[in-house]
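First the structure, in the form of structure tokens, and then the observations on it.
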Amino acid sequence: MGDLNDTPDSDSLLPLIGNGSNLTNVMVLDEFESDGREGTHGNATASGKLDYILLSPKLVELVERAGVEMHGVWGWKEWNSFPTFS
């Protein structure tokens, strides 16, 4: 688990998340609770996917419920904010 500071299409992440890896990104599991946004940074679009929770096959079998706390990641789009500060 961690902030790998790279997007899923990065060559450096291929050993962890590429086709040859046996690790599973928790965000693809049915047990993962999400609002449909793929990213974890900025406005949470797919290009903002920088954080990963990768599970071994044995851990995948044990998952009952999963999620990522992303309160505030896209807050500027979701909540009204003050127009100015003075």
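Residue pairs whose Cβ atoms lie under 6 Å apart, separated by 6 or more positions or on different chains, with the first residue in the range 39-50 and touching a residue at least 24 places away in the same chain (Cβ under 8 Å) and on the phi > 0 side of the Ramachandran plot and the second buried (at least 17 other Cβ atoms within 10 Å of the Cβ) and small (G, A, S), are G42/G48. Among the residues making up the range 1-11, a single one is exposed (fewer than 11 other Cβ atoms within 10 Å of the Cβ) and either hydroxyl-bearing (S, T, Y) or part of a helix (DSSP H, G or I) (or both): D11.
Of all the residues in the range 12-38, those that are in contact (Cβ under 8 Å) with a residue 24 or more places away in the chain, part of a loop (DSSP other than H, G, I, E, B) and within 15 Å of the chain's Cα centre (by Cα) number 6.
Of everything in the range 51-69 that is part of a loop (DSSP other than H, G, I, E, B) and in contact (Cβ under 8 Å) with a residue 40 or more places away in the chain, the residue that is nearest to L4 (Cα to Cα) is I53.
Name the residue, out of G42, G67, that is modelled with pLDDT under 90, surrounded by fewer than 16 Cβ atoms within 10 Å (Cβ to Cβ) and in contact with a strand residue (DSSP E or B) (Cβ under 7 Å, 6 or more places away or on another chain).
G67
Considering only the range 70-81, I want to know if a residue exists there that is modelled with pLDDT under 65, among the polar types (S, T, N, Q) and not in a helix (DSSP H, G or I). Yes: the range 70-81 contains one or more residues that are modelled with pLDDT under 65, among the polar types (S, T, N, Q) and not in a helix (DSSP H, G or I).
The values are calculated or read from the model by the stated rules, or taken from the named source; none is laboratory data. Quantities reported herein were computed from a predicted structural model and do not represent experimental measurements. In this analysis, Cβ positions are derived from the backbone assuming ideal geometry, glycine residues included, and neighbour counts consider all displayed protein chains.
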